Amino acid sequence: MKRYLLAIAFWGIVTANAVAQITNTIYPLGVYPKQAPEKLERFTISGYYRFITNVRYLQNSKDMLSRNSYTEQAKTPTHIFVGDDAQIPQLMLNMGGSITPSTRFSTDFYLWTPMTGAGQAENVKGLNLGVSLTGTHDFQKGSLNVIAGGINWYALTPFTFHTNPGFNRYSIFERNPWDPQTQNIADRYNNFYTNGALNQDTRWGRQAFQGIIVEANDMPKNLSGVIMFGKTQLNGGMAPLPNQSYGGKLKKTVGNHYISLNTFNNQSYSDSLLTHGVGFNMHTAEFEIKKRVLTIYGEVGAGRYFSPTLAKGWGEAIDLKLSFPKTTTGIPLLVRYYRISPRVLNNSSVFWNSSIREGNVSSSSSSDQLVLVPFSSAMVPVGQITNNRTGIELNTEFEIGKLKTSIGYTNANEIENISSQLTYSHPVNNLALSRFWRWGFPANVGPYQNLTKVYRGVFETVNLTDGTPAGIPLYKKYFNNIEVNAKYKTRLAYRDLYINYLGSYASVQRKRSAITVFTEDAYLRTYYHQLEAYYHLSPKVVFANYVGWERIIANYNTTVDAISRRPRNQEGWGFATGFDIEMSKGAGLYIRQRWMNYQDRSFSLDQYKGWETTVEIKIFF
Amino acid sequence: MQQSMNRLYTLSTALVATLFANITQGQTGPKVRFTGGARSIISNADIQVNDTIPDKTTAKKAVGGYALVDLGFNISPNKNTEILGMIRINNKYGGFYGAGVAFDVRQLWVKGIIADVVRYQLGDINLKQTPFTLYNHNEDQMISQPGVFQLQRDIVNYETFYKSNTWRQQGLSLDWGLQFNKFVKELNVNAYLTRMNATNFGNIQDRLFGGSTIDLMQSNHLSIAYNLAALFDVKGTALDTNVFSNIVNTMTFRYNNKIGKLNAQLQGEFGNSRYHYSIDTTAPTLTDFFMNPTFTLSPENKQWEAELGYLNVGPDFRSPGAQSKRVDYNAQPNFFNRYKQTQADRPLNYGDIMNNSQLYSTGINPKLMAYNPLINNVLPYGQATFNRQGLYLKGKYNTQNEVIQSEFSHHQLKEIRGQGTSALKSFMMSRLQLGANLGKYLHWDRIAKISASACYQSTQRTGQYAFESVDLTSFQTGMGAEFEILPSMDLMIGYTALQGNGNDLVSDRNGFTEVIDFSKYYVDLNQTVSAAGIRFRFGEKAYLTALYQQSNYQDKIHAYNNYKINHWMVIYNMTF
């Protein structure tokens, strides 16, 4: 028996062929799946590393930082902060893959180390814009483009879904988190001089949208369209409440002209039982007619806000622009007329809401302010518009030799006297001021609880006192603003020198005026001057300099200080210098040193003096 | 001796050459590749209830959704090894700038070949053996779903790793085989060991699930196999010395031959199980056996197939790997889980089962799970349902050009042991599925399909006493169509219904699966789900669809439970 078994074993060994493969069994053996999955056609990773640190010294911070959660900071004059509380992390990865040449997914992923010494315990990871899926499908007559998933920056039309891109009249001394690296370290300043604009992030002029966007392009009869459904920042939130935004556009192109019908709507609920539904509707027609002598652009429509407690009905929204080329008027000229009813509200459009206070409620549960734009009657830059306002704007630009000048003028007034408050900004030390209150966007901070932080800025609210005892204003307000942006390029010691001047002279008063009112007839006068100089010191170094002066004066029809019995009389200075250094290809070092001095001669607690040093390293890959 | 050595040398060389040719994974191409999927879903739903009391406590509308990407890093460090690590990034709908983000590890495994002979996979693995040892039955989907519902089921299957009736486990699997020149053709062996739960060092032992299959293929005609599936506690891993084991041993066989021009196959499985606690005197020891022979006929061209089978599964047969269910009927729906003024638990409906992956199990359950008598009362635990005996007939028929495809089955079963009575329940289940490919029939180059299916079940018992009387019937139907109205743009419609009425006595079981009581089950229920949608196909791997679905729950006995849900969804799905 033993011999017999040995023979079988020997036979098994010499005749067997071991294989790592299972075939033809009664039931399939082994693990599944049996086929290797397909792989991605293409996968890419790009992104940037951005280190930024900020050291600030304030001689007297106690009064400025007197709000509850900030009183700890008020105890010491010097603060060190590593990172950027403006939601931009240190390491940002953009990962994406192509499943087919026209179908793609992407996601970002960030890492951030606050460098407080706590190490791993405080490190942060997350998504910024989130997971996004895109795809394009070509049909016989047209193509379909789909964008779905996380945050996508999108724009429909200015009145429906858009942000105000402005007229490029802004200071470029302080860098934005999204500012790109340029091939040459001085390209940033050269581009601004040459084109009047920096290379902007994808979000410029667009709003954040999460949901699904379907575009149909190149359809028959020169039609194209968009349908969008999802959430905006202002009606976001992950609760199962059906807070939704939806809209679309149908556009017909005729040669160089086009006309489109557009809509954007929002429905939100402020209670879990969905009994208190609020929202807005906006329907417009947009058109552009291009002729040799001028271009006519317009958007005309109607909108409304609705809620169980407030339903004022529909109101008009009109924006007309006539653009004259140089050949027609000698210098290019843009003439604009706009009128937006106080009943119209759309927090996702270019105009701010200044008339419907409850319209600024979102589904956010944050105790901070819920909408990052000023409510009330805002003194706005040329190009920015609000509801409950009508007015005209003139914009032009011209060159005299190497001097390039851009001038803006606005003359506007409220349609109804609704608000007894004004808001205005402090552009000279705006970014530094916004860093006084880090994390979140607190409202009513400062020694007199009249400052509100927005994204990378601060605005101040002043109350008018010439209304009824109940606070209802007796007069409509009239706004004037003149802006000048002059850019000059020259050579100094064989190197490029760029000099920029930005000036703004604005007033708000009870009566209409042709130009800015420079007397105490104005409720408020604001004069801002900002002078910058950028010297291309060496191929990899730019020497940057800045001087800013702001002057804000209110009259006695505004709130006066309890002690001095005088209205606002504010003056602020900012001196800054710094270097842009190209460390290597795609890597830049940016140093800024700013000295600040601000004082309100009437409201004695409203003052700050100190300096701020910022060091930023940005590396793209 | 010299001859044997030469032969051994020749075989060894052939072996090495063969093995190089047999290695299929990670040989050529880049070291790291990417695989996975991405999906975006937005859904809106509203509910209408039929309650006389006005509802002021629950919301009637809800939205939800997410965008996720599963990114797998497929790494081949060498030609014999492959590693997959897959992460999931999930961004909840409405979460801006990082809110509502979750990161998970979706799966991680390594696979390869040891010494060019043994294939292994370690980590997250998908396993399957036989219908009585380890098998992921889909017993709650009695009828095939039209395409408009299948989209949602595909997502559920992806989320739960349901593929090819496998169960996802965590452990190790090995397989290898031997090929012979004489007398026997192949011997294939698979062995696996997975972990069910870890010890708590107190009263819960480390519990493992392991098994093996040894399959001997004598020739192209005859194969036999031995299968083992064992669920057991590892003694000494906890303070409690009471260890549990559930061992299942089976034999499978297959014999093929020709009868005239027809292919005939006699196949079957038989075996036993033992369910046992080592020390607990209150726990029963359950042992029983089963047998399931089948005889199948089909022509060479496979145009039709007929199968006759006999099933006999003892009342104490326990096999967790084969009897675990997919759907957990005690789970909550993922929206409107409470409704009406009374905040009552909303009963699951057919629509929930179709699209809610959270109702589904992702692994074997050692305990006997609850089932829904209305959905499947005949074989609620799949082919391995205990206490069943009887005959069944299955068949398929496709027209020559595959324009028409059909399947049918008929089960005529009865209990082996009475439940609380000596009278036995009898079960009857008939199913029919039809599909027509109109596009093929009309020689269109576009998709045009219609489908219909039905399943009728009946449970009967008569006896001397009134309590013995059982009469429960259910009828499931489904129909649907897909039409490609524009290139790559499909219109999809579908309807499915579940109607049931009657009564049954459902066994209440303790933790040892023993019957301890019976619950009366009365039902007169009508559930329907209708859906319509448009789908854009972006190639083979991606699609965008907008769906509308209405689910109707009508309880004629408790009309106050009735409700209707309208559900809108936009789904953008990619796999890669």
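The values are calculated or read from the model by the stated rules, or taken from the named source; none is laboratory data. In this text the structure is predicted, and so the values were computed from the model without any measurement. We place every Cβ from the backbone using ideal geometry, glycine too, and count neighbours over all the protein chains shown. These accessible areas exclude ligands, DNA and RNA; they are computed on the full protein's heavy atoms, side chains included. Shrake-Rupley method; radii C 1.70, N 1.55, O 1.52, S 1.80 Å.
Roughly what percent of Cα-Cα pairs across the stretch B:183-330 reach past 27 Å? Everything past 27 Å amounts to 40 percent. Ranked by the mean number of other Cβ atoms within 10 Å of their residues, highest first, the peptides A:272-284, A:498-510, B:198-210 come out as A:498-510, A:272-284, B:198-210. Expressed per residue, the C-alpha convex hull volume of the stretch B:142-261 stands at 200 Å³. One equal scatterer on each Cα of the stretch B:291-351, no solvent, Debye formula: the resulting log10 I(q)/I(0) at q = 0.14, 0.28, 0.29, 0.30 Å⁻¹ is -0.74, -1.15, -1.18, -1.21. What do you get for the angle between helix A:2-15 and the principal long axis of chain A? Use alpha-carbon atoms, 0 to 90 degrees, nearest ten. The angle comes out near 50 degrees. Once the partner protein chains are put back, the stretch A:36-55 shows a loss of at least 20 square angstrom of accessible area, versus the chain by itself, at A:36, A:37, A:38, A:39, A:40, A:43 (probe 1.4 Å, ligands and nucleic acids excluded). The packing ranking of peptides A:223-235, A:400-412, B:253-265, highest mean first, is A:223-235, A:400-412, B:253-265, where packing means the average number of other beta carbon atoms within 10 angstrom of each residue. Solvent-accessible area assigned to carbon and sulfur over chain B amounts to 57 percent, based on a 1.4 Å probe.
Both chains summed, the buried accessible area for A and B stands near 7400 Å², from protein heavy atoms and a 1.4 Å probe. Label reach from residue A:294 (point 7 Å along Cα→C-beta): in the stretch A:312-341, amide nitrogens under 20 Å belong to A:318-339. Residue by residue along A:97-106, Cβ atoms of other protein chains within 10 Å of the local Cβ number 6 on average. With N as its number of residues, the stretch B:55-141 has a Cα radius of gyration that, divided by 2.2 N^0.38 Å, comes to 1.70. Neighbouring Cβ atoms from other chains, within 10 Å of the Cβ of residues in B:69-75, number 4 on average. Shown here for the stretch B:424-486: chymotrypsin sites (Phe, Trp or Tyr not before Pro) in loop regions (DSSP other than H, G, I, E, B) with at most 14 other Cβ atoms within 10 Å, namely B:444, B:465. Put a dot 7 Å past the Cα of residue A:122, heading toward its Cβ, do the same for residue B:116, and the two dots end up 5.8 nm apart.
Taking 22 Å as the straight-line reach from the Cα of residue A:39, the lysines in range (excluding those fewer than 8 positions away in the same chain) are B:31, B:79, B:111, B:163, B:541.
Of the GluC sites (Glu not before Pro) found in the stretch A:393-491, the ones in coil according to DSSP and having at most 15 other Cβ atoms within 10 Å of their Cβ are A:416. Extension gain for residue A:93-residue A:246 works out to 52.1 nm (0.36 nm per residue, less the C-alpha to C-alpha distance). Qualifying GluC sites (Glu not before Pro) in the stretch B:365-433, where qualification requires a DSSP coil assignment and no more than 16 other C-beta atoms within 10 Å, comprise B:402. Relative to the compact-globule estimate of 2.2 N^0.38 Å, the Cα radius of gyration of the stretch B:432-576 comes out at 1.46. The mean sequence distance of close C-alpha pairs (under 8 Å, at least 6 residues apart), as a share of the length of the stretch B:310-387, puts its relative contact order at 51 percent.
In chain A, Cα pairs under 8 Å separated by at least six residues give a relative contact order of 11 percent.
Atom-type composition of the exposed protein surface of chain A places 58 percent of the accessible area on carbon and sulfur (1.4 angstrom probe). Ratio of Rg to Rh for the stretch A:266-315: 1.30 [Cα atoms; Kirkwood radius as inverse mean 1/r over pairs].
Along each principal axis, taking the top coordinate minus the bottom one, the Cα set of the stretch A:142-282 gives 56, 42, 24 Å in descending order. With a Förster radius of 45 Å applied to the C-beta separation of residue B:516 and residue B:548, the computed FRET efficiency comes to 0.50.
Test of understanding: extend the Cα→C-beta vector of residue A:253 to 7 Å, then name every residue of the stretch A:144-159 with backbone N under 19 Å from that spot. So the set is A:144-146, A:155-158. Comparing the stretch A:75-119 with the 2.2 N^0.38 Å rule of thumb, its C-alpha radius of gyration ratio is 1.86 (two decimals). Within straight-line reach of residue A:609, meaning a Cα separation under 17 Å, sit the following lysines at least 8 residues removed in sequence or on another chain: A:62, A:75.
Kirkwood-type hydrodynamic radius, the stretch A:396-530: 17.4 Å, calculated from all non-identical alpha-carbon pairs.
Taking every alpha-carbon pair in the stretch A:530-597 and binning the separations at 5 Å intervals from zero gives 4, 14, 17, 13, 11, 10, 8, 7, 6, 5, 4, 1 percent. For residue B:185, a cut-off of 12 angstrom between C-alpha atoms picks up these aspartates and glutamates, skipping any fewer than 8 places away in its own chain: B:215.
The residues of chain A have, on average, 43 Å² of accessible surface per residue, using a 1.4 Å probe with all protein chains present. Per-residue mean of foreign Cβ neighbours for A:271-279 is 2 (Cβ atoms of other chains, 10 Å radius). Global dimensions of the stretch A:479-621 from alpha-carbon coordinates: Rg and Dmax equal 19.8, 58 Å. Per-residue extension of 0.36 nm, minus the Cα-Cα distance of residue B:257 and residue B:397, leaves a gain of 48.3 nm for this segment. Size of chain B: Rg and Dmax of its alpha carbons, in Å, are 26.1, 95. Here the translational diffusion coefficient of the stretch A:222-339 follows from Stokes-Einstein with Rh set to the Kirkwood radius across Cα pairs; for 4 °C and 1.567 mPa s it amounts to 78 µm²/s.
Largest first, the residues B:311, B:391, A:537 sort by 1.4 Å accessible area into B:391, A:537, B:311.
Suppose the Debye formula is applied to equal point scatterers at every Cα of the stretch A:114-203; what is log10 I(q)/I(0) at q = 0.10, 0.11, 0.21 Å⁻¹? These q points yield log10 I(q)/I(0) values of -0.52, -0.62, -1.10.
Ellipsoid semi-axes for the stretch B:363-479, based on the Cα gyration tensor and the rule √(5λ), read 37, 15, 13 Å when sorted largest first. With K and R counted +1 and D and E -1, the other residues having a Cβ less than 13 Å from that of residue A:325 yield a net charge of +3. Pairs from the list B:394/B:440; A:326/A:511; A:249/A:321 with a Cα-Cα gap above 31 Å: A:326/A:511. In chain A, one over the average inverse separation of all distinct C-alpha pairs is 27.6 Å, which is the Kirkwood hydrodynamic radius. Here the protein assembly as shown has an Rg and Dmax of 37.4, 123 Å, counting Cα atoms alone.
Projected label points at residue A:465 and residue A:273, each 7 Å from Cα along the beta carbon direction, are separated by 4.6 nanometres.
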